[in-house]
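Input: a single structure, listed below in structure tokens.
The values are calculated or read from the model by the stated rules, or taken from the named source; none is laboratory data. Because the structure is a prediction, the values reported are computed rather than measured. Methodologically, a virtual Cβ is constructed for each residue, glycine included, from the backbone with ideal geometry; neighbour enumeration extends over all protein chains shown.
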Amino acid sequence: MNLIVPAALTLLAAGTPGDTTRLFDFAQESAEEWIVVNDGVMGGVSRSAFVDSESGYASFQGVMSLDNNGGFASVRHRIAPGALDGQSGLALRIRGDGRSYQVRLRTDLNFDGIAYRAEFKTVSGEWQTITIPISQFEPTWRGRRPPGAPPLEAGEVQQIGLMVADGIEGPFQLDVEWIRAGD
């Protein structure tokens, strides 16, 4: 099933290639427009939310469950076509809980289909700046590498998301201060 992410979401403006481009700054923007997509779409029972804090960051939090073939929780948001054009990577200012998370990029507005993922590990309770080169994003579809999938073209990205799918049941929390693109 290919559902389109609602057009009502704010599109983020593209920056000049080669510049550091602010995609999200949660001291100035709200997490309310991000869409939650959990394993309930396939029968799972994991729960998550992306909520604003009063301290200038957003918190991706919830409870991971492996029941009913579940095992993931995620949030995503549209970005303007071309927002990552000419950019070589992403940087995120995050504070985690010691778990592994993924940044996921999509080159269309479909609900399902190929996404490009890069995994990162957090240090419990510590703010970190994570930098991920575009070249490290791997194609995936429902947890598998799709045969013949093309490499990610940064200028084609139209969605960005965060996911926890580390196979560990229980609560999780990833705080995000900002997300930027840049060389």
Query raised in the report: Out of curiosity, is I168 β-branched (V, I, T), over 16 Å from Y57 (Cβ atoms) and buried (at least 19 other Cβ atoms within 10 Å of the Cβ)?
Result: no
**Report entry** Some residue of region 55-66 being of a type outside the set (A, V, I, L, M), over 14 Å from the mean Cα position of the chain (by Cα) and not in a loop (DSSP other than H, G, I, E, B)
**Finding:** yes
Query raised in the report: Any chance region 87-96 includes a residue that's within 19 Å of V75 (Cα to Cα), touching a residue at least 60 places away in the same chain (Cβ under 8 Å) and touching an Asp or Glu at 6+ places or on another chain (Cβ under 6 Å)?
Result: yes
**Report entry** Residue under evaluation I132, criteria (1) touching a Ser or Thr at 6+ places or on another chain (Cβ under 8 Å); (2) at pLDDT 95 or above, criterion not met
**Finding:** (1)
